[in-house]
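**Student:** To start, I am sharing the structure in question, which I have written as structure tokens.
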Amino acid sequence: MPPELEIRDLLPQEFWQGPPLPEFLNIYWWWYTPPGAEFSVSSLIISPTEVNPGQPVTISCTVTNIGAAAGSYTVHLGGDFMAEKTVSLEPGQSEAVSFEVTPAEAKTFHISVNGLTGSFIATEVPVADIRVENLVIEPAEVNVGEKVTISCTATNIGAAAGTKTIVCTVT
């Protein structure tokens, strides 16, 4: 099915952008760069921030396309661990990107993700390792004002007692 065109799509582009042709043809003067994809990386989360060697740590961030066109962006994990992931986003779209790392020794590990920085500690002292899983939302669809039950299971698989704050965000 061909893309839907509006009247403004058929009008000639501004003279300083390119020849008097419709913009959807993507024919521009050599000095003009059309608006493209632009990305923002935010909300670095390292969880948990204290582990024993051999326990996994999740490093996540949010990537948002703040530009005017769809595009792909590569998120780089740096510091004491190296990895990368590529996401493809439409304009205005956001996506969470996560990396899982496992420290092999006891020390402070430094992390960077596209300019955002943080750290976590791997220690020989026993720590709590509380995992949240089995998210259940009942019923799955409701109308405004109807009751919804949200539940999950929190399990401490670590070697020490501990607490974890569980946040539920509904959008």
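**Student:** Could you check the stretch 81-93 and list, in sequence order, the residues that are surrounded by fewer than 16 Cβ atoms within 10 Å (Cβ to Cβ) and in a strand (DSSP E or B)? Reasoning before the result, please.
**Tutor:** Filtering the stretch 81-93 for residues surrounded by fewer than 16 Cβ atoms within 10 Å (Cβ to Cβ) gives 82-86, 88, 90, 92-93.
The answer is ALA83, GLU84, LYS85, THR86, SER88.
**Student:** If you don't mind, there's one more thing I want to ask. Can you pull out the residues in the stretch 91-110 that are within 18 Å of CYS61 (Cα to Cα) and among the hydrophobic types (A, V, I, L, M, F, W, C)?
**Tutor:** ALA96, VAL97, PHE99, VAL101, PHE109
**Student:** Now for a different question. For the stretch 104-121, what are the residues that are closer than 11 Å to VAL51 by Cβ and either within 20 Å of the chain's Cα centre (by Cα) or not assigned by TED's automatic domain parsing to the domain that holds VAL51 (or both)? Step through it out loud before you land on a result.
**Tutor:** Keep residues of the stretch 104-121 that are closer than 11 Å to VAL51 by Cβ, which gives 106, 109, 120-121.
Within the stretch 104-121, PHE120 is the sole residue that qualifies.
**Student:** Then there's this: Looking at (1) at pLDDT 95 or above; (2) surrounded by fewer than 18 Cβ atoms within 10 Å (Cβ to Cβ); (3) over 14 Å from the mean Cα position of the chain (by Cα), which is the only condition VAL101 fails?
**Tutor:** Among (1) at pLDDT 95 or above; (2) surrounded by fewer than 18 Cβ atoms within 10 Å (Cβ to Cβ); (3) over 14 Å from the mean Cα position of the chain (by Cα), the lone unmet condition for VAL101 is (2).
The values are calculated or read from the model by the stated rules, or taken from the named source; none is laboratory data. Given the structure is predicted, the values throughout are model-derived calculations rather than measurements. Note that each Cβ is placed from the backbone with ideal geometry, even for glycine, and that neighbours are counted across all protein chains shown.
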